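Worksheet: one structure, shown below.
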Amino acid sequence: MTFAKTVTDDLGRAWTVDITVSTLKRLAATPCAFSIDSLVGDIDSKAKDRAEAAEKASLPLRDFLDDTMRFAEVLFAIVKPEADKLGVTIDQFDEGFRGDSIQSAQEAFLQALHDFFRSPPKKMILRGMIEERKQMKILVAAGRKRMEMMLAQQTPEKLEKLANESIDAALSKSAIASPGPLGLTLTPDLSAN
(Lines give C-alpha, C1' and ligand atoms only; values in the text may rest on other atoms or scores of the structure.)
Protein backbone atom coordinates (compact mmCIF):
# COMPACT_ATOMS: atom_id res chain seq x y z
CA MET A 1 0.00 0.00 0.00
CA THR A 2 1.33 3.41 -0.95
CA PHE A 3 0.30 7.01 -0.45
CA ALA A 4 -1.24 8.89 -3.35
CA LYS A 5 1.04 11.42 -4.99
CA THR A 6 -1.88 13.71 -5.76
CA VAL A 7 -3.11 15.94 -2.96
CA THR A 8 -6.15 18.21 -2.84
CA ASP A 9 -5.71 21.44 -0.91
CA ASP A 10 -8.39 23.10 1.23
CA LEU A 11 -9.48 25.22 -1.74
CA GLY A 12 -10.25 22.13 -3.84
CA ARG A 13 -7.20 22.35 -6.10
CA ALA A 14 -5.44 19.07 -6.95
CA TRP A 15 -1.63 19.00 -7.01
CA THR A 16 0.61 16.18 -8.22
CA VAL A 17 3.68 15.72 -6.07
CA ASP A 18 6.32 14.06 -8.22
CA ILE A 19 10.08 14.37 -8.12
CA THR A 20 12.10 14.32 -11.33
CA VAL A 21 15.46 15.72 -12.41
CA SER A 22 13.60 18.84 -13.53
CA THR A 23 12.21 19.12 -10.00
CA LEU A 24 15.72 18.95 -8.57
CA LYS A 25 16.77 21.87 -10.77
CA ARG A 26 13.79 23.95 -9.58
CA LEU A 27 14.59 23.11 -5.97
CA ALA A 28 18.24 24.12 -6.38
CA ALA A 29 17.05 27.52 -7.68
CA THR A 30 14.81 28.22 -4.66
CA PRO A 31 16.01 30.84 -2.15
CA CYS A 32 16.96 28.04 0.27
CA ALA A 33 18.85 26.13 -2.49
CA PHE A 34 17.15 22.94 -1.36
CA SER A 35 18.70 19.52 -2.01
CA ILE A 36 16.63 16.34 -1.82
CA ASP A 37 19.78 14.34 -1.06
CA SER A 38 20.22 16.21 2.23
CA LEU A 39 16.93 14.83 3.59
CA VAL A 40 17.87 11.21 4.12
CA GLY A 41 21.32 10.47 5.43
CA ASP A 42 23.31 7.32 4.85
CA ILE A 43 23.06 4.49 7.34
CA ASP A 44 26.34 3.92 9.14
CA SER A 45 27.42 0.51 7.89
CA LYS A 46 29.53 0.01 11.04
CA ALA A 47 26.66 0.70 13.42
CA LYS A 48 25.84 -2.14 15.80
CA ASP A 49 22.17 -1.14 16.00
CA ARG A 50 20.89 -0.78 12.42
CA ALA A 51 17.46 0.45 13.56
CA GLU A 52 19.07 3.23 15.59
CA ALA A 53 21.31 4.12 12.63
CA ALA A 54 18.28 4.27 10.32
CA GLU A 55 16.44 6.49 12.82
CA LYS A 56 19.44 8.82 12.95
CA ALA A 57 19.59 8.92 9.14
CA SER A 58 15.89 9.94 9.03
CA LEU A 59 16.26 12.92 11.41
CA PRO A 60 16.90 15.57 8.71
CA LEU A 61 13.72 14.47 6.90
CA ARG A 62 11.70 14.49 10.13
CA ASP A 63 12.98 17.98 10.95
CA PHE A 64 12.15 19.14 7.43
CA LEU A 65 8.56 17.83 7.66
CA ASP A 66 8.16 19.58 11.03
CA ASP A 67 9.14 22.93 9.44
CA THR A 68 5.82 23.76 7.77
CA MET A 69 6.98 26.98 6.09
CA ARG A 70 10.06 25.35 4.57
CA PHE A 71 8.02 22.33 3.52
CA ALA A 72 5.44 24.59 1.81
CA GLU A 73 8.20 26.43 -0.07
CA VAL A 74 9.65 23.14 -1.34
CA LEU A 75 6.20 21.77 -2.16
CA PHE A 76 5.44 24.86 -4.23
CA ALA A 77 8.71 24.42 -6.15
CA ILE A 78 7.74 20.81 -6.87
CA VAL A 79 4.29 21.72 -8.25
CA LYS A 80 5.36 25.05 -9.83
CA PRO A 81 4.61 23.97 -13.43
CA GLU A 82 1.02 23.19 -12.39
CA ALA A 83 0.78 26.43 -10.39
CA ASP A 84 2.04 28.43 -13.38
CA LYS A 85 -0.62 26.87 -15.64
CA LEU A 86 -3.30 27.82 -13.10
CA GLY A 87 -1.82 31.28 -12.46
CA VAL A 88 -1.40 30.48 -8.75
CA THR A 89 1.24 32.46 -6.83
CA ILE A 90 3.09 31.05 -3.83
CA ASP A 91 0.90 33.11 -1.47
CA GLN A 92 -2.27 31.80 -3.11
CA PHE A 93 -0.82 28.29 -2.95
CA ASP A 94 -0.03 28.62 0.76
CA GLU A 95 -3.61 29.72 1.49
CA GLY A 96 -4.81 26.26 0.46
CA PHE A 97 -2.86 24.32 3.06
CA ARG A 98 -3.52 23.72 6.73
CA GLY A 99 -3.95 20.73 9.03
CA ASP A 100 -5.10 17.65 7.15
CA SER A 101 -4.10 18.96 3.72
CA ILE A 102 -0.54 19.58 4.95
CA GLN A 103 -0.44 16.05 6.31
CA SER A 104 -1.70 14.67 2.98
CA ALA A 105 0.91 16.74 1.12
CA GLN A 106 3.65 15.38 3.40
CA GLU A 107 2.49 11.82 2.70
CA ALA A 108 2.50 12.49 -1.05
CA PHE A 109 5.99 13.99 -0.71
CA LEU A 110 7.25 10.92 1.19
CA GLN A 111 5.85 8.66 -1.53
CA ALA A 112 7.40 10.78 -4.29
CA LEU A 113 10.73 10.76 -2.47
CA HIS A 114 10.54 6.98 -2.07
CA ASP A 115 9.79 6.57 -5.77
CA PHE A 116 12.64 8.90 -6.75
CA PHE A 117 15.48 7.41 -4.69
CA ARG A 118 17.24 4.31 -6.02
CA SER A 119 19.42 3.72 -2.95
CA PRO A 120 18.06 0.65 -1.10
CA PRO A 121 18.93 2.05 2.37
CA LYS A 122 17.18 5.36 1.61
CA LYS A 123 14.15 3.53 0.21
CA MET A 124 14.10 1.39 3.37
CA ILE A 125 14.10 4.49 5.60
CA LEU A 126 11.31 6.07 3.58
CA ARG A 127 9.27 2.85 3.58
CA GLY A 128 9.59 2.82 7.37
CA MET A 129 8.40 6.42 7.66
CA ILE A 130 5.48 5.75 5.29
CA GLU A 131 4.44 2.72 7.35
CA GLU A 132 4.80 4.71 10.57
CA ARG A 133 2.45 7.39 9.23
CA LYS A 134 -0.07 4.78 8.07
CA GLN A 135 -0.09 3.22 11.54
CA MET A 136 -0.59 6.64 13.14
CA LYS A 137 -3.56 7.33 10.86
CA ILE A 138 -5.11 4.01 11.88
CA LEU A 139 -4.56 4.73 15.58
CA VAL A 140 -5.98 8.25 15.33
CA ALA A 141 -9.05 7.01 13.44
CA ALA A 142 -9.62 4.23 15.98
CA GLY A 143 -9.23 6.66 18.88
CA ARG A 144 -11.62 9.13 17.29
CA LYS A 145 -14.20 6.39 16.68
CA ARG A 146 -13.89 5.14 20.26
CA MET A 147 -14.29 8.67 21.62
CA GLU A 148 -17.38 9.25 19.45
CA MET A 149 -18.88 5.97 20.68
CA MET A 150 -18.20 6.90 24.32
CA LEU A 151 -19.70 10.36 23.86
CA ALA A 152 -22.76 8.93 22.11
CA GLN A 153 -23.48 6.84 25.23
CA GLN A 154 -23.47 9.88 27.53
CA THR A 155 -26.46 12.05 28.35
CA PRO A 156 -26.10 15.82 27.89
CA GLU A 157 -26.27 16.24 31.68
CA LYS A 158 -23.44 13.76 32.26
CA LEU A 159 -21.32 15.41 29.54
CA GLU A 160 -21.83 18.81 31.18
CA LYS A 161 -20.86 17.37 34.57
CA LEU A 162 -17.70 15.78 33.09
CA ALA A 163 -16.76 19.05 31.38
CA ASN A 164 -17.28 21.04 34.59
CA GLU A 165 -15.22 18.55 36.60
CA SER A 166 -12.39 18.79 34.04
CA ILE A 167 -12.48 22.59 34.15
CA ASP A 168 -12.55 22.61 37.96
CA ALA A 169 -9.60 20.20 38.12
CA ALA A 170 -7.58 22.28 35.65
CA LEU A 171 -8.31 25.49 37.55
CA SER A 172 -7.37 24.01 40.90
CA LYS A 173 -4.05 22.74 39.50
CA SER A 174 -3.19 25.97 37.68
CA ALA A 175 -3.24 28.25 40.72
CA ILE A 176 -3.15 27.34 44.37
CA ALA A 177 -3.65 30.97 45.31
CA SER A 178 -4.40 33.79 42.91
CA PRO A 179 -5.18 37.46 43.41
CA GLY A 180 -8.86 38.18 43.09
CA PRO A 181 -10.99 41.32 43.00
CA LEU A 182 -9.73 44.24 45.09
CA GLY A 183 -6.36 42.52 45.50
CA LEU A 184 -7.73 39.87 47.86
CA THR A 185 -6.17 36.44 47.63
CA LEU A 186 -8.61 33.70 46.74
CA THR A 187 -7.63 30.16 47.66
CA PRO A 188 -9.54 27.36 45.93
CA ASP A 189 -11.07 24.66 48.13
CA LEU A 190 -8.84 21.65 47.49
CA SER A 191 -10.48 19.46 50.11
CA ALA A 192 -12.75 17.91 47.47
CA ASN A 193 -9.71 16.43 45.70
### Query
Does the range 96-109 include one or more residues that are surrounded by 10 or more Cβ atoms within 10 Å (Cβ to Cβ), in contact with a Gly (Cβ under 9 Å, 6 or more places away or on another chain), at pLDDT 80 or above and closer than 29 Å to residue 12 by Cβ?
yes
#### Entry: Conditions (1) under 16 Å from the mean Cα position of the chain (by Cα); (2) more than 20 Å from residue 27 (Cα to Cα); (3) part of a helix (DSSP H, G or I): number failed by residue 56
(1)
### Task
Would you point out the residue of the range 80-114, among those that are within 20 Å of residue 66 (Cα to Cα) and not in a helix (DSSP H, G or I), that is nearest to the chain's Cα centre (by Cα)?
98
### Task
Kindly list the number of the only condition in (1) touching a Leu at 6+ places or on another chain (Cβ under 8 Å); (2) surrounded by 19 or more Cβ atoms within 10 Å (Cβ to Cβ); (3) not β-branched (Val, Ile, Thr) that fails for residue 64.
(2)
### Task
Give me a count of the residues in the range 69-89 that are more than 16 Å from residue 5 (Cα to Cα) and loosely packed, with under 14 Cβ neighbours inside 10 Å.
6
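The values are calculated or read from the model by the stated rules, or taken from the named source; none is laboratory data. Bear in mind that the values here come from a model prediction, so they are computed numbers and not experimental data. Virtual Cβ from ideal backbone geometry, glycine too; neighbours counted across all protein chains shown.
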